[in-house]
Structures are given as structure tokens and as C-alpha cells.
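Working notes, beginning with the structure itself.
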Amino acid sequence: MAVLVFDLDGTLSDPAVGIGRCINHALRHHGHPAIADADVPRYIGPPLDESFAAIVRGASAQHVAALVERYRDRYADIGYAENTIYAGIPEALGALRDAGATLGVCTAKRVDFAERILDHFGIRRHFAFVSGGDVGIRKAGQLAALLRDGAIDGRATMIGDRAVDILAAKANGLRSVGVSWGHGGVAELRAAGPDVLLESPAELPGLATTPGLASGASRDY
């Protein structure tokens with residue numbers, strides 16, 4: 001039966017408001033200019049330390065760590081809830097579970113924050129495991145750990161909205177599914193080369209019976 005591993009931000013829910021406000025909270029606290037709302041999506045998906053290093057060019061590792069800490073202060077208090085689940089996701093997850101698929105989450109977000117968000121939306125019960133990241137941890141390494149620990153096997157499929165999700169799957173010999181409703185965009189996903197590109201959460205249930213080859217999915221790209 002299918003084992004499907006979901007990214008969180010940009011795949012199950014849209015965290016742009018909370019992430020943008022928390023990034024700017026940290027930047028202002030440390031005397032840096034805020035970023036524009038239009039620039040927030042590029043920092044959704046990659047590890048938080050990479051995002052701050054890209055925003056504050058030349059920042060030391062210690063300063064990046066301080067920015068991450070200030071970000072997380074606000075995120076833990078309110079930022080995690082400034083988040084919207086994508087329409088159709090709860091129904092798709094329920095359909096996948098009803099079809100016998102095993103579901104998991106693999107996110108760059110710290111695991112306690114990920115668990116809190118899944119509980120906030122009432123969808124935690126659908127997932128057999130949640131793998132969270134942290135500073136210095138990369139998604140390819142998270143998937144490798146899931147394989148090593150037996151939480152998934154080589155037949156699993158990684159589902160996400162950013163190139164990092166697709167490339168992490170490829171690095172571990174897994175199938176990959178890109179979702180175009182998130183923040184990566186179709187061009188980024190196509191360049192990464194997922195096995196399948198989906199246009200709507202309504203297409204997700206097709207992955208339960210034929211992992212990586214959803215009915216109706218866009219494969220001709």
C-alpha cells in the first residue's frame with residue numbers, strides 16, 4: 001500500500017502571513033529592514049537559517065542563530081496559528097487514509113511547531129509520523145533517517161511544493177510529487193523534475209493506488 005510523505009508549509013497549509021510577520025519581527029528587533037510581503041514566499045520551504053542567511057547577506061552564524069531565536073519566540077506564541085489550510089486538504093487526507101495509504105509529514109519546521117499546526121487544523125490523526133527539522137538539518141537527511149529507521153521504505157513518495165522536496169526525494173531514490181498550489185511555482189518544480197506535478201488537492205487521492213502516478217495528474221511537462 002502507498003506510503004506518502006507530505007511537506008507541510010505550502011503543501012498542506014499556507015503559512016505566508018505568520019512566516020512573514022515572524023521574519024520581520026526578528027529583522028526589526030536586530031536592526032534590519034523588513035522584507036516586503038511579495039518576497040515572503042521565497043523563504044517558505046527552505047530551512048530557517050538558510051532563509052535568514054539569504055536575507056541578511058554576510059551575517060555570521062551567531063547572528064543568524066539570534067535571528068532564528070527571535071523568529072521562534074513570536075512563532076511559538078502566535079505565528080504558527082497565522083496559517084490557512086488549503087481547501088480540499090482535509091478531505092484528500094481522509095480519502096487517502098480510507099484507501100489504506102500510510103501518511104507522514106517531513107518538514108523543515110521544528111517538530112513541536114509542526115505537531116502544533118497539524119493539531120490546530122485537526123489533521124494530526126491522519127499521520128503515522130511527523131519528521132521535523134532544525135538548524136543544520138536538511139530534508140534529504142530527514143528522509144534518509146526515515147529510511148534508516150524503517151518509518152518508510154524505498155517505495156515511498158515525497159510530496160511537496162518546492163524544489164527542495166523533489167531533490168530530497170531524488171537523493172534518497174524515492175518517487176516525488178510536486179504540488180503547484182504552494183509557493184514554489186510550476187517553473188521551479190519543473191526544473192527539479194518531479195515524477196508527477198499536481199494542480200489541485202483533489203488529485204491527491206489518486207496517489208493511494210498508484211504512487212507517483214495520480215489519475216489526472218500532469219505528467220507531460
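The values are calculated or read from the model by the stated rules, or taken from the named source; none is laboratory data. Because the structure is a prediction, the values reported are computed rather than measured. Cβ sites come from the backbone with ideal geometry, for glycine too, and all protein chains shown count toward neighbours.
Going through (1) assigned to a loop (DSSP other than H, G, I, E, B); (2) surrounded by fewer than 18 Cβ atoms within 10 Å (Cβ to Cβ); (3) among the small types (Gly, Ala, Ser) one by one, residue 94 falls short only on (1).
Within segment 11-34, the set of residues being surrounded by fewer than 23 Cβ atoms within 10 Å (Cβ to Cβ) and closer than 30 Å to residue 101 by Cα comprises 13, 14, 16. Do you know which residues across segment 181-205 are in contact with a Ser or Thr (Cβ under 9 Å, 6 or more places away or on another chain) and more than 20 Å from residue 39 (Cβ to Cβ)? Once the filter is applied, which keeps residues that are in contact with a Ser or Thr (Cβ under 9 Å, 6 or more places away or on another chain) and more than 20 Å from residue 39 (Cβ to Cβ), segment 181-205 yields 192, 193, 194, 195, 196, 197, 198, 199, 200, 203, 205.
Regarding segment 165-181, can at least one residue be identified that is buried (at least 16 other Cβ atoms within 10 Å of the Cβ), hydroxyl-bearing (Ser, Thr, Tyr) and touching a residue at least 60 places away in the same chain (Cβ under 8 Å)? No, the conditions are met nowhere in segment 165-181. Check segment 128-151 and report whether any residue there is closer than 17 Å to residue 45 by Cα and touching a Phe, Trp or Tyr at 6+ places or on another chain (Cβ under 6 Å). No, every residue in segment 128-151 fails to be closer than 17 Å to residue 45 by Cα and touching a Phe, Trp or Tyr at 6+ places or on another chain (Cβ under 6 Å).
Hey, does segment 51-65 have a residue that's outside the structural domain of residue 122 (by TED's automatic domain parsing) and under 25 Å from residue 122 (Cα atoms)? No, the conditions are met nowhere in segment 51-65.
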